[in-house]
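In what follows, a structure is listed as structure tokens, so that the remarks can point back to it.
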Amino acid sequence: QVQLVESGGGLVQTGGSLRLSCAASGSIFSIKVMGWYRQASGKQREFVAAITSGGSTDYADSGKGRLTISRDNTKNTVYLQMNSLKPEDTAVYYCNAVVEVVGGVYEYDYWGQGTQVTVSS
């Protein structure tokens with residue numbers, strides 16, 4: 001089993017910053033991709049950013065220039081630095097990891113429990 005635990009959400013004013021963290025633990029052999037998704041109230045979950053084990057990154061257009069994703073492979077942890085936050089960034093942010101477990105053959109998707117980010121206007 002693999003667990004993802006997020007932290008760092010909270011309430012911030014427009015233009016402020018937050019840093020989200022997500023630590024993966026359990027029977028992990030390797031983590032191919034770690035990323036962040038978000039779900040605003042009444043909307044579908046959407047992609048925010050992702051980073052491969054080699055450091056390649058991808059961002060949704062809405063976050064380019066404002067968000068920075070990074071990871072520490074030694075700690076199986078991914079970070080999301082969010083700057084210049086807007087009210088439309090308000091959502092529950094979920095960590096995602098594509099993991100090859102110890103003794104396994106395939107890779108599986110795992111999700112964290114989510115952390116609330118609220119940006120006040």
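The values are calculated or read from the model by the stated rules, or taken from the named source; none is laboratory data. All of these numbers come straight from a predicted model, not from anything done at the bench. Glycine also receives a Cβ, built like all others from the backbone with ideal geometry; neighbour counts cover every protein chain displayed. Accessible surface is based on the protein model in full, side chains and every heavy atom, while ligands, DNA and RNA are left aside. Shrake-Rupley method; radii C 1.70, N 1.55, O 1.52, S 1.80 Å.
Miscellaneous remarks
- Among (1) without any contact (Cβ under 8 Å) to a residue 60 or more places away in the chain; (2) assigned to a strand (DSSP E or B), the one test that Gly55 misses: (2)
- Beta carbons closer than 7 Å, at least 6 apart along the sequence or on distinct chains, pair a first residue in segment 107-121 that is within 15 Å of Met82 (Cβ to Cβ) with a second that is open to solvent by 50 Å² or more (accessible area, probe 1.4 Å) and of a type in the set (A, V, I, L, M) for Thr118/Leu11; Ser120/Leu11.
- Whether a residue is among the hydroxyl-bearing types (Ser, Thr, Tyr), in contact with a Gly (Cβ under 6 Å, 6 or more places away or on another chain) and part of a strand (DSSP E or B) was assessed, and Ser30 does not pass this test.
- Residue count, segment 98-121 (criterion: surrounded by 16 or more Cβ atoms within 10 Å (Cβ to Cβ) and aromatic (Phe, Trp, Tyr)): 1
- Filtered by the rule that a residue be aromatic (Phe, Trp, Tyr) and in contact with an Asp or Glu (Cβ under 7 Å, 6 or more places away or on another chain), segment 1-43 gives Phe29, Tyr37.
- Every test in (1) open to solvent by 30 Å² or more (accessible area, probe 1.4 Å); (2) part of a strand (DSSP E or B); (3) closer than 16 Å to Gly8 by Cβ; (4) of a type outside the set (Phe, Trp, Tyr) is passed by Cys95 save one, and that test is (1).
- Residues that are among the charged types (D, E, K, R) and open to solvent by 70 Å² or more (accessible area, probe 1.4 Å) were ranked within segment 25-69; the one that is nearest to Gln81 (Cα to Cα) is Lys64.
- Remark: pairs (first residue in segment 61-90, within 20 Å of Phe29 (Cα to Cα); second residue among the aromatic types (Phe, Trp, Tyr) and modelled with pLDDT of 95 or more; Cβ separation under 9 Å; 6+ apart in sequence or on different chains) = Ser70/Tyr79; Arg71/Tyr79; Asp72/Tyr79; Val78/Trp36.
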